[in-house]
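**Q** Let me begin by handing over the structure; questions about it come next.
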Number of protein chains: 2
Amino acid sequence: MPETARRADRPGDHRPGNRYGNRPTMKDVAARAGVGLKTVSRVVNGEPGVTPDTERRVQEAIEALGFRRNDSARVLRKGRTASIGLVLEDLADPFYGPLSRAVEEVARAHGALLINGSSAEDPDREQELALALCARRVDGLVIIPAGDDHRYLEPEIRAGVATVFVDRPAGRIDADVVLSDNFGGARDGVAHLIAHGHRRIGFIGDMPRIHTAAERLRGYRAAMEDAGTAVADGWMSLGGTDPERVRRAAEEMLSGPDAVTAVFTGNNRVTVTVIRVLAALSRPVALVGFDDLELADLLQPGVTVVAQDAAALGRTAAERLFRQLDGTLLAPERIELPTRLVERGSGEIPPSG
Amino acid sequence: MPETARRADRPGDHRPGNRYGNRPTMKDVAARAGVGLKTVSRVVNGEPGVTPDTERRVQEAIEALGFRRNDSARVLRKGRTASIGLVLEDLADPFYGPLSRAVEEVARAHGALLINGSSAEDPDREQELALALCARRVDGLVIIPAGDDHRYLEPEIRAGVATVFVDRPAGRIDADVVLSDNFGGARDGVAHLIAHGHRRIGFIGDMPRIHTAAERLRGYRAAMEDAGTAVADGWMSLGGTDPERVRRAAEEMLSGPDAVTAVFTGNNRVTVTVIRVLAALSRPVALVGFDDLELADLLQPGVTVVAQDAAALGRTAAERLFRQLDGTLLAPERIELPTRLVERGSGEIPPSG
DNA sequence: CGCGCCTTTGACAACGTTGTCCAGGCTCTA
DNA sequence: TAGAGCCTGGACAACGTTGTCAAAGGCGCG
């Protein structure tokens, strides 16, 4: 059996091909079909210049051997991998599922595959991931930044890796960014509470080193200032999304003489925890949360939220990325998508106490 | 500037390298550092046998040029890609987020990246994706099957691609499978309703061509039979998860003289729709759903569910995959993970009417 | 001081594919 | 029938990396 023995006894060579269990190559197919190597390549890639008869013989050989083109070798030769990388925070977070899916759909429409990884909000891990993807020579990167310094990407971008940041801006480099209007959304949400009579409004959000969290905090402050309301220190919690911590923060700002009558929550994880705290309370407290939640309309009361469109974020970013790759590239731009206030009940509760 | 001009004027060659924007290679680094090619390779890979002084010179050249190893070429030479593929149904589905993340974590622990794609429940697309991943020479595949014939993977598996199926079994090939106990879980869920006095119980699930849906239906039937209860045709809806369709099916089985007093829903998407239908109803109807939901405990009443551990499914599958790759491979096995009944109120409502 | 041994280094081939270019056979026309 | 032109097919190099092997250099020991 000359085929399978092909790599078997060439002394002094290490034969990494064995790792693939002696996968057939175009050379093998060519030998079996009795044609040249390049002819097989032509058939595999649907290139013209092959007689139907030759093509049939090659196809048969391909079938018989179970040949599949090695894209690694192809990439090496062609220079494009037809794959893009997505670095996000946590694939398990319901906010990133639709975003990721949207990126995938756009990639698919362009014939590209999606490689993704979670940074777990760790800047080092973000960098490690992004650079690993660059080493794979992805054609482009969609990044939801965890860190705030992306100069490490400069050589990659110069080398032609298309790059778009989503959800949060890039740090210290000039690059395309697609964001939600975090400031405006938060300001509108808080203004909504103010319009319903609230003045003592709490804010529970993530750490301000995260851009979205800082922007939403800024929106909260702006709305309060617009209303001429001073913000007490105890009304703000900026310590992250750990449920226990959020719970304590909420309970604190909801007690005492200066207790808030309404709470604005800075993201979906915080909102969920706060809903639990409020549910255990006897008196009604108004709530508006940033990010929508599944089933939010079915709770009692329904949860009023500032919704952002995760899928639109992903889609916009991916489309922009492929436009960079098409060469129809403009200067880096900052695109801001609007948010939408969804009234469901919890945000329309009047102040009590 | 000899470096950048390196590929510039060799006539008759097409220079795909330009695609990378003239990315530096080890050869460039070697030239700049005044060492041999292999020495650069040694430094990049942390191999021994390089003097500290030489290493420093090479490192400096790497920094200066912004060199990053081309993993495509590396893969070609070494035979392993250190990446695994995940084919799932829909990344945006909250059930698959944690599963995907769990697979990613295991991959990361083994130094591998994750490439994933959504089949959108389309067998052709599943095949297309899986084979595209094989062409990329992923080391292994985790597949949540959409189709029921996976013989197309036989050549790949023979060629050494580790393969594990999750959530649903493989069709017509012998392969590792990691499943939830869909039959037992559904049977327990329905038995729970029966134990609370229900006899007229509806079942709304996905199309039975999907294995999990069929198993859950089987569990429903078994529980009903155990209780000696005949099942009326109108009590079962097996037409998929389209919300409008589910809504109609629910409304139908909840009306008329033979109306059900309880509903068992076959997956999270169906459950969500049915919750909305029940919320609009005046009389209380018991509900147990397969799959857990975020916020399920905060609804009125809380939603009783048969919970499966998506993360455990992913983790188990991925670990098994890497054991295949380690060579500590046993015969293909079918692993079934238990489900857990979570009582929250909706499943404990007594029959009314 | 010379021999052999060990360490460091580099030349070279090979991984599997695709772009270039040329050869050979065919058809068509003058 | 000869020459021009087209079509099909194949030889070859190159993509950027790593394994093999051998050479060069340094060192200790007799």
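The values are calculated or read from the model by the stated rules, or taken from the named source; none is laboratory data. This is a predicted model, so every value here is computed, not measured. Neighbour counts are summed over all protein chains in view; Cβ atoms, including those assigned to glycine, are modelled from backbone coordinates with ideal geometry.
**Q** Taking the options B:Val103, B:Val142, name whichever one is away from DNA strand C (no atom under 16 Å from the Cβ), more than 11 Å from chain A (Cβ to nearest Cβ) and within 12 Å of the chain's Cα centre (by Cα).
**A** From the options B:Val103, B:Val142, the qualifying one is B:Val142.
**Q** For the range A:82-92: of the residues being more than 7 Å from every other protein chain (Cβ to nearest Cβ) and assigned to a loop (DSSP other than H, G, I, E, B), which is farthest from the chain's Cα centre (by Cα)?
**A** Of everything passing the filter in the range A:82-92, A:Ala82 is farthest from the chain's Cα centre (by Cα).
**Q** Does any residue in the range B:39-51 that is among the small types (Gly, Ala, Ser) come within less than 7 Å, Cβ to Cβ, of a residue that is within 9 Å of DNA strand D (Cβ to nearest atom) six or more places away or on a different chain, and which pairs are these?
**A** From the range B:39-51, the pairs are B:Ser41/B:Met26; B:Gly49/B:Arg42.
**Q** For the range B:20-45, which residues satisfy the criterion of being assigned to a loop (DSSP other than H, G, I, E, B) and of a type outside the set (Ser, Thr, Tyr)?
**A** Matches in the range B:20-45: B:Gly21, B:Asn22, B:Arg23, B:Pro24, B:Gly34, B:Val35, B:Gly36, B:Asn45.
**Q** Quick one: B:Ala73 ticks every box in (1) part of a helix (DSSP H, G or I); (2) within 7 Å of chain A (Cβ to nearest Cβ); (3) closer than 27 Å to A:Leu91 by Cα except a single one, so which number is it?
**A** Every condition holds for B:Ala73 apart from (3).
**Q** Let me ask you something else. Among the listed residues B:Asp188, B:Asp149, B:Asp167, B:Asp176, which satisfies the condition of being outside the structural domain of B:Pro284 (by TED's automatic domain parsing), modelled with pLDDT of 95 or more and farther than 17 Å from B:Gly85 by Cα?
**A** B:Asp149
**Q** If A:Thr304 satisfies every condition in (1) within 14 Å of chain B (Cβ to nearest Cβ); (2) in contact with an Asp or Glu (Cβ under 8 Å, 6 or more places away or on another chain); (3) modelled with pLDDT of 95 or more but one, which is the exception?
**A** (1)
**Q** I'd like the residue in the range B:268-300 that is away from chain A (no Cβ under 14 Å) and assigned to a loop (DSSP other than H, G, I, E, B) and, out of all such residues, is surrounded by the most Cβ atoms within 10 Å (Cβ to Cβ).
**A** Among those that are away from chain A (no Cβ under 14 Å) and assigned to a loop (DSSP other than H, G, I, E, B), it is B:Val285.
**Q** Still on this structure, please answer the following. State all residues of the range A:25-41 that are surrounded by fewer than 18 Cβ atoms within 10 Å (Cβ to Cβ) and near DNA strand D (Cβ under 9 Å from one of its atoms); if no residue qualifies, say none.
**A** Across the range A:25-41, the qualifying residues are A:Gly34, A:Gly36, A:Leu37, A:Lys38, A:Ser41.
**Q** Could I ask something else about it? For the range B:119-135, indicate whether the set of residues that are within 29 Å of A:Leu293 (Cβ to Cβ), within 7 Å of another protein chain (Cβ to nearest Cβ) and crowded, with 23+ Cβ neighbours inside 10 Å is non-empty.
**A** No, the range B:119-135 contains no residue that is within 29 Å of A:Leu293 (Cβ to Cβ), within 7 Å of another protein chain (Cβ to nearest Cβ) and crowded, with 23+ Cβ neighbours inside 10 Å.
**Q** For the range A:145-166, check the following and say yes or no: at least one residue is closer than 30 Å to A:Gly228 by Cβ and of a type in the set (A, V, I, L, M, F, W, C).
**A** So far as the range A:145-166 goes, no, none of its residues is closer than 30 Å to A:Gly228 by Cβ and of a type in the set (A, V, I, L, M, F, W, C).
**Q** Across the range B:47-79, what is the number of residues that are over 14 Å from B:Pro24 (Cα atoms), under 42 Å from the mean Cα position of the chain (by Cα) and near DNA strand D (Cβ under 10 Å from one of its atoms)?
**A** Residues in the range B:47-79 being over 14 Å from B:Pro24 (Cα atoms), under 42 Å from the mean Cα position of the chain (by Cα) and near DNA strand D (Cβ under 10 Å from one of its atoms): 8 in total.
**Q** Filter the range B:47-70 down to the residues that are out of contact with any helix residue (DSSP H, G or I) (no Cβ under 7 Å at 6 or more places or on another chain) and farther than 26 Å from A:Arg158 by Cβ, then identify the one that is nearest to the other protein chains (Cβ to nearest Cβ).
**A** Only one residue tops the list, namely B:Glu47.
**Q** What residue, among those in the range B:149-189 that are basic (Lys, Arg) and surrounded by 22 or more Cβ atoms within 10 Å (Cβ to Cβ), is nearest to the other protein chains (Cβ to nearest Cβ)?
**A** Here the answer is B:Arg168.
**Q** For the range B:71-95, give me each residue that is within 16 Å of DNA strand C (Cβ to nearest atom), free of Cβ contacts under 8 Å to residues at least 40 places away in the same chain and touching an Asp or Glu at 6+ places or on another chain (Cβ under 9 Å).
**A** Listed by number, the list holds a single entry, B:Ser72.
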